[in-house]
Every structure is written in C-alpha cells, then in structure tokens.
C-alpha cells in the first residue's frame, strides 16, 4: 500500500500535510510519496527547500491532481482519494479508519491537503510525534541548515516570537496582549533573549524597543522583504521557521500554522502560547478596509476608462 500526498497552500501548510501523511503511512505500514507541485503561494521546488536524504519521499515528476471532494473509494482500482477542502481532512479520518479495517483491497491512498490530520486523532500524542519528526527526520538543504547553525552559533537559549500581520491582520491579537505573553513566558522560563520572526519587517525595530523597555533583548535574521510568489521569500521564511523551531518556547498567533508548527517543532509546545484574535482589532481592521474601499470607489467606478 502507498500513501500519496499532494500538499496545498503555503510552505508550512504543505509541511503539515507532508508530515501527517508520512506518519499515517508509518501507522498503517505503507510507503509514502509526495507529489509537490509549486504554485504562486509556494513557488520553490522541493530541491530548493529540502535536503537530499529527505527528497527520497518526493516523486521526481509530480502530477497535478483534481480529486473529487471529500473521501471516495474506487473499488475496482483499489484507490482511496481524500480532499477535505472546506471541511478539512481530519473530519474524514474515522471513515478512512473504518475503510482500512474493513478488509477492502486498497493499493493507494491519495490525499490532497494543506494542513494536519491524524488517523489516531489530533491529540498530545500526535503533537509529540510531529515534534519528533521535525527534529529527527525533516531536513532542509545544506545551505538553509548551515545558515541557521551560523546564526545560532553565538546565541544562548532564547524564546521565539512569531508575528503575522500581512494576510492575517484581522486575526491578530493586540500588541499589548502579545507583549504580556512574551513577558510571561520569559518569567516562567527564566530566558530573556527573544528571536522575532515576522511577515512585516517594518515592525521589527518597534518590537525590539518594546521588549528592551521590559528588560528583554531581541534579535532576528536579516532578510530582504520579498513577496510570497518569489521563491527566495519562501526560503527566507524556512530559515525563520527553523530558528523558531529551535527556541525554548514560542509566542504565536493561534490562527497561524507557521507559528503553531514552530512551537511543535521546538519541543516546548506545552509551554508555548498561542494567542487568539482580538475582536476589537478585527473590527478596526475591517472598518479601515471598508473606508479605504469607499474612498476609492468613485475613482474606480466613475473615472476609469
């Protein structure tokens, strides 16, 4: 039997799907294969991201799939397909488990996913298993791993702070709540150094100043501010994610898979802090969006050619 996954969405969502499929394959004693198709949200090809040994999972000539929604079983071909789409893959795991236990002949399980799922349920055991996979099996390219090693060579223990504002601004917590969370984690851990990763580099110096004002130090990896559809931006994000994953605990936005998986990778998910969205912030972000749209409406609709 073979589990074949075609990861979707951004890099970390893809890695979640990849790892979930690899762990599923281990659980049912199957092979695992990755059909990685770059797109505008994840333009880098696997060889630009993953180490040579880890690339053994990847199909050399990936195919573009168009799977039917949800869980389906082709009795004649012995092929199970799963595309959770709006409902997610986890909802169909009990049905997949029942199908696997039914005695039906299954040669392949083809999964199109952009997130995590587990046959044995999403629980603390799955979190620990993912953490072990990230630390022991997931390998990035030599250039990424060497860059991270050089960055950390002069660093002692540190905490991670992941800030995601660009496409999740309406789901972000307040700055006050975020600052309090990193202070709490620092107090509980006794660590005063903080690594900051953010999708809005212009915020870095503001946060450094705020952290210094409460007795903490801050640092980050200097990288160019590149758009998501530039593969170099993805590689810089992988560096940030790897450094976050080597911290002693992460403060992150709960709506961000990037921050959540970094906390899992760190091995300190139990003390890491995932912050929920601020309702008041979401209101003002949406209001500004509507006002901006209203201001530009006449120009867009009456003065355009």
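The values are calculated or read from the model by the stated rules, or taken from the named source; none is laboratory data. Note that the structure is predicted; figures quoted are calculated from it, not measured. Every residue, glycine as well, gets a Cβ built from its backbone with ideal geometry; the counts of neighbours run over all protein chains shown.
Some values worked out for this structure:
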read-out: Qualifying position, being surrounded by 13 or more Cβ atoms within 10 Å (Cβ to Cβ), out of contact with any strand residue (DSSP E or B) (no Cβ under 6 Å at 6 or more places or on another chain), modelled with pLDDT of 95 or more and within 23 Å of residue 141 (Cα to Cα), among 26, 16; value: 16
read-out: Filtered residues of segment 52-75 (kept if surrounded by fewer than 16 Cβ atoms within 10 Å (Cβ to Cβ) and in contact with a helix residue (DSSP H, G or I) (Cβ under 7 Å, 6 or more places away or on another chain)); value: 69
read-out: Test result for residue 257, under 19 Å from residue 276 (Cβ atoms) and either within 16 Å of the chain's Cα centre (by Cα) or surrounded by fewer than 22 Cβ atoms within 10 Å (Cβ to Cβ) (or both); value: yes
read-out: Residue check for residue 142: in contact with a helix residue (DSSP H, G or I) (Cβ under 8 Å, 6 or more places away or on another chain) and farther than 19 Å from residue 276 by Cα; value: no
read-out: Selection count, segment 55-82, where residues are in a strand (DSSP E or B) and more than 19 Å from residue 119 (Cα to Cα); value: 2
read-out: Test result for residue 243, touching a helix residue (DSSP H, G or I) at 6+ places or on another chain (Cβ under 8 Å), outside any strand (DSSP E or B) and surrounded by fewer than 17 Cβ atoms within 10 Å (Cβ to Cβ); value: no
read-out: Residues satisfying the stated conditions in segment 203-221, i.e. in a helix (DSSP H, G or I), under 22 Å from residue 239 (Cβ atoms) and either touching a residue at least 12 places away in the same chain (Cβ under 8 Å) or not assigned by TED's automatic domain parsing to the domain that holds residue 242 (or both); value: 203, 204, 207, 208, 211
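Residue-by-condition table, conditions (1) within 17 Å of the chain's Cα centre (by Cα); (2) farther than 22 Å from residue 145 by Cα; (3) not assigned by TED's automatic domain parsing to the domain that holds residue 230:
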position	(1), (2), (3)
6	yes, yes, yes
24	no, yes, yes
30	no, yes, yes
46	yes, no, yes
54	no, no, yes
70	no, yes, yes
